[in-house]
Each structure stands twice: as C-alpha cells, then as structure tokens.
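The values are calculated or read from the model by the stated rules, or taken from the named source; none is laboratory data. Computed from a predicted structure; not experimentally measured. When we count neighbours, we look across all protein chains shown, and the Cβ atoms used for this are built from the backbone with ideal geometry, even at glycine. These accessible areas exclude ligands, DNA and RNA; they are computed on the full protein's heavy atoms, side chains included. Shrake-Rupley method; radii C 1.70, N 1.55, O 1.52, S 1.80 Å.
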Amino acid sequence: MSDGTRHAGERDFVLGIDFGGTKVAVAAADRTGRVLRSLRLDTLAADGAAQAVERALRAAREMREALGTEGGRCVAAGAVSPGVVHEDRIPFAPNVPGWQDLRLRHLTSEALELEVVACANDVKAGGLAEARWGALRDADPGIFLSLGTGIGAAVVVGGRVLGGAHGAAGEIGYLLRDASDTAGVASGRAPLEEYASGIGLARRGSSALGEPATAAGLFASTDARARALVADALDQLAVHVANLAITVDPARIAVGGGMMASAERVLPALERRLKESVPFPPDLVPARYVQDSALRGALALALDATGGPRTPSTGAEPPA
C-alpha cells in the first residue's frame, strides 16, 4: 500500500444517527470509534416522522461534506431508532406520526449516497456500545438497561447483542406488572413502561399532584406524594430487573438513560432487589455512555458494517 493510500485510509470515517422521540443526535467517528464531530436536533415529534428524518439526514450530509473538505472519506453509516427496526417498517415505534412506516435503511442510504448502512433498535445499539467500549466490556453475559422516556434492555452474550426471532428481544417495557394486567401489547399497551418510565411517571405524577409534572421534577420533589410515587415505580422496576437477572445470570448490569440523572435513587433501589432475589447477584454499574449510548451504538454498527476492527487494540482505552 502506498503512503498516499494509507494516509487516505486513516482519514476514513463513519456517521451515526440516533433518532429519538424528543431529540436526534448525529456524529462522525474515525475507524477506532473516536468521535470527530457531533450535534443534536429537536425531533419536533408533533410535525411527523418525515421532517425529523429529512432534517437529520441533511445535518449528516453537511457533516460528511465538512469532513470531506478536510480529506476524509465517509465509508458507512449507522442509524438507530426506538421500536423494532425492520427493513421496510418500524413496528412498536415511538409516538411520532408516520414513524412505523419508515424504511430507515433505504432512506439513510439514499440521502447519504452510501451502500453500507446498518440500522437497529436504539437500546440494542446502546448495549453494543457498552459491550464494545463501555461498562460491559468483558462481561459475559451482560445486560444494558435503558431507563428514560421509555424502558428497554439489551442482553449481550459473547460480545453480541441478542436480537430474538423478530428483533424484539429486550423489549421489557411490555412486561406485565402482575396477574391483574389483562391488557398488553395486543391492546396497544406497554404495562411496565406506562408505570415506571419517564413518560409513565410524568403522567401518573400529574394525576396524583393535580398539576403538570415531569419525571425529573418528581425525582427532585420533597413532596411526600411524589417521593412515594417514585419509590413505588422504582421498586416495580426493580422486581422485573431482578427477574431478568435470575433468567439470564449476567455478570454485570449497566444502567443508562435519563433517569440516571437521579442515580443516587435508581441504583440503590435496583441493588436491594438484586441482592435479595438473584442467586448470584450481578455487578450493578452506571453505563459509560449514560446519555448517548445509542449514538455510540450507531457508530459501532457502522464500523462493524465496514468489516473493520470490532474492538480497540489490546490495552487501548475506550474512545472518549
């Protein structure tokens, strides 16, 4: 390989896009996963899926062009989204009009003029990032638990994220809370998510307090009603996390997502149930990428799609 070709290869980069219900994040990374540039956009969910995707892909094109003027070459892209990401649709997608009809890989490939595009569920992508560079390195099996607007889990076995027969493994927001839950996914319900997620907490808190509430506000509140509501939600969640740990027997559980802004309440609630209920309690740790695991996962998907190195070199620190 000539010096010129080698130098060009060293400037190769990939793009990652994390489509969320409230925000979209875009980043570029080099072949080691080191982030070169990143930005965030509001999803503007009420305006529908089409405009969110169009604005995100326009931002990704502009990022690609800017890096291209510096001699870089975009070799692949990864895009992640809530829901079960299939080639021609995204069932069980967030409450953004039209999201379920998106052909995400096709749209991304066409807009970025790239043949190599990989797409996946955002929580599973987060699990990949944590296994590759983060808190689940060398944990086999490991579980990435995402607690935020929604609730989800990614089970990592042998360095690979369990997909399931239909790509729906880890969709624990649909877990039934107990035998009294007779309406589930077939009725358009997600029982655990409705009760214990950020959106679920906000909805129930607003009803209990008689005024608009947010999950963050409930966690910070000194009102006895708010504190009791949060404690109950965390205990309900902890029961299901413990049951998941009993089933999988993970070495480690890494927790990320918006609720980890209140880690001092979230982690002890989970820890108590794990220690009491699981035959071999796993280590419970914060995720390395608490707030941007999905974006890091999108970059990891893109890097894997190029056939490049799957991990940093031996002894290397995970990318910053």
(request) Apply the Debye scattering formula to the chain, with a single equal point scatterer on each alpha-carbon and no solvent, then give log10 I(q)/I(0) at q = 0.10, 0.13 Å⁻¹. (result) -0.57, -0.94
(message) I'd like the accessible area for residue 149, computed on protein heavy atoms only with a 1.4 Å probe and all protein chains in place. Round to 10 Å², please.
(response) 80
(message) With just the Cα atoms defining each centre, how far is region 190-225 from region 234-298? Give it in Å.
(response) 20
(request) First check a/c for region 164-204, with a ≥ b ≥ c the square roots of the eigenvalues of its C-alpha gyration tensor; if it is under 1.5, answer rounded, and if not, answer prolate when a/b is larger than b/c or oblate otherwise. (result) oblate
(request) Give, rounded to the nearest 20 debye, the magnitude of the charge dipole that the chain has about its Cα centre when Lys and Arg contribute +1 at Cβ and Asp and Glu contribute -1 at Cβ. (result) 240
(request) For the chain, calculate the relative contact order in percent as a whole number, restricting contacts to Cα pairs under 8 Å that are 6 or more residues apart. (result) 21
(request) Work out, in µm²/s and without decimals, the Stokes-Einstein translational diffusion coefficient of region 21-158 at 25 °C, 0.890 mPa s, Rh from Kirkwood over C-alpha pairs. (result) 154
(message) Just to confirm a number: summing +1 for Lys and Arg and -1 for Asp and Glu over residues other than residue 238 whose beta-carbon lies under 10 angstrom from that of residue 238, what do you get?
(response) -1
(request) Mind ranking 61-72, 178-189, 209-220 by how tightly packed they are, going by the mean number of other C-beta atoms within 10 angstrom, highest first? (result) 209-220, 61-72, 178-189
(request) Roll a 1.4 angstrom probe over the protein heavy atoms and tell me the percent of accessible area of region 175-260 that is carbon or sulfur. (result) 54
(message) Please report the antiparallel percentage of the DSSP beta bridges confined to the chain, to the nearest 5.
(response) 50
(request) Quick one: net charge around residue 107, please, counting Lys, Arg +1 and Asp, Glu -1 for every other residue with C-beta under 13 Å from its C-beta. (result) 0
(message) Run the helix sum for the chain: -39,500 (n - 2.57) per DSSP H stretch of 4+ residues, divided by residue count, reported at 222 nm to the nearest 500 deg cm²/dmol.
(response) -12500 deg cm²/dmol
(request) Using a 1.4 angstrom probe on the protein heavy atoms only, line up 124, 275, 23 by accessible area, largest first. (result) 275, 23, 124
(request) Just check region 96-175 against the gyration tensor rule for me: Cα atoms, a ≥ b ≥ c as the square roots of the eigenvalues, rounded for a/c under 1.5, and otherwise prolate or oblate depending on whether a/b exceeds b/c. (result) oblate
(message) If Rh is defined by the Kirkwood formula over all Cα pairs and Rg also comes from Cα, what ratio Rg/Rh do you get for region 199-276?
(response) 1.01
(message) Could you work out the relative contact order of region 16-128? I mean the mean sequence separation of Cα pairs under 8 Å and 6+ apart, divided by the number of residues, in percent.
(response) 26
(message) Just to verify a number: what accessible area does residue 293 come out at with the full protein assembly present, 1.4 Å probe, Å² rounded to tens?
(response) 10
(message) Just to confirm, what accessible area per residue do you get for region 221-294 at 1.4 Å probe, in whole Å²?
(response) 47
